[in-house]
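Single-structure report; data block below.
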Amino acid sequence: MTRKSPATIRVKMRFNRFLRKYGGRIGFYFAGVVVLVILAAWIFPPLKYYFTDIFKVREFRILNVYYNNPAELQQALAPFLGRSYWDLDKKAVKKTVEAVPWVDHASVRALPGSRVTVVVTEKQPVALFRTKKGDIWIVDGKGSRIAPFTPDFSYRNFPLIDCDRKKLPFVVHKLEKMKTVDNGIFFNRLSELVVLKNNEKWECFLRDIPWKIYVDPFGSFKNVRQFLKVEKFIKSRYDNVEYIDLSFRHEIVVKPE
């Protein structure tokens, strides 16, 4: 058993004396204030609305949205605005946010007041996918559609895939592996990728390079490093290059037009 210091005992004794002497008055005054506020709100109704409005939800603060448009979440949460904080169903808010296709999961933080904070974890984008109709979608590492492409956001820098819908999971899986090769240099420079029939060849286009690059999808992209090393040499030797072939044999075949 720990012994209390003399200072602690003195403070406790003084506090007890204070409560015995003034506790009744404090409780009486507090109860009086509560009664007066209730009477004032009953006699003057606008006062009631003033106090209740303090706890009405007026704003949703959206955090951690980097790739998509947070206005889409604000629109989805609009029906919750104007409700009392005490009546706000946080689980319903969370469910509404997670119903948006590009949201992986969300958490809702709210303290008594008019602002509610929603922390979002987005689904991780991998590439853009062009459908047969010409529509462009943002897709994740499983090939699932996250949201329609919007040029206003940073997805515009992702590689664009043109392939059969059934092959999309296979293609994005290979693209994910490309991120780990040469610190993702080849992946980051990839602007468009067209998967030809039977996955025999992938026709790639790199940013700022007017060449076609054909990549064998069944390799492990081990020769990307070699391609990057000789890229400068190739550009210095050839003026008109149609494509570069990256094959299983780690060979780079340059074919002028």
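The values are calculated or read from the model by the stated rules, or taken from the named source; none is laboratory data. Only a predicted model underlies this, so the values are computations on that prediction, with no experimental measurement involved. Every residue, glycine as well, gets a Cβ built from its backbone with ideal geometry; the counts of neighbours run over all protein chains shown.
Screening the candidates V100, V116, V126 for the property of being of a type in the set (V, I, T), at pLDDT 90 or above and either more than 30 Å from P159 (Cα to Cα) or within 15 Å of the chain's Cα centre (by Cα) (or both) yields one hit, V116. Could you tell me whether S114 is closer than 30 Å to F55 by Cα and out of contact with any Asp or Glu (no Cβ under 8 Å at 6 or more places or on another chain)? Considered against the rule, which asks whether it is closer than 30 Å to F55 by Cα and out of contact with any Asp or Glu (no Cβ under 8 Å at 6 or more places or on another chain), S114 comes out as no. Scanning the stretch 62-80 for residues that are surrounded by 12 or more Cβ atoms within 10 Å (Cβ to Cβ) and outside any loop (DSSP other than H, G, I, E, B) returns I62, L63, P70, E72, L73, Q74, A76, F80. Under the condition of being surrounded by fewer than 19 Cβ atoms within 10 Å (Cβ to Cβ) and either assigned by TED's automatic domain parsing to the domain that holds V100 or of a type in the set (G, A, S) (or both), the residues counted in the stretch 126-138 number 1. In the stretch 172-186, the qualifying residues are those that are at pLDDT 75 or above and of a type in the set (A, V, I, L, M), and the one that is surrounded by the fewest Cβ atoms within 10 Å (Cβ to Cβ) is I185. Which of the residues that make up the stretch 129-168 are of a type in the set (S, T, N, Q) and under 19 Å from the mean Cα position of the chain (by Cα)? Listed by number, the residues that qualify are S144, T150, S154, N157.
For the stretch 189-229: of the residues being in a helix (DSSP H, G or I) and surrounded by 16 or more Cβ atoms within 10 Å (Cβ to Cβ), which is modelled with the highest pLDDT? Give the steps one after another, and end with the answer.
In the first step, residues of the stretch 189-229 are kept if they are in a helix (DSSP H, G or I); the result is 189, 197-199, 224-229.
Now drop any that are not surrounded by 16 or more Cβ atoms within 10 Å (Cβ to Cβ), which leaves 189, 199, 224, 227.
Numbers: R189: 81, N199: 59, V224: 62, F227: 64.
This residue is R189.
If you go through the stretch 105-153 and pick out every residue that is among the small types (G, A, S) and in contact (Cβ under 8 Å) with a residue 24 or more places away in the chain, you end up with 7.
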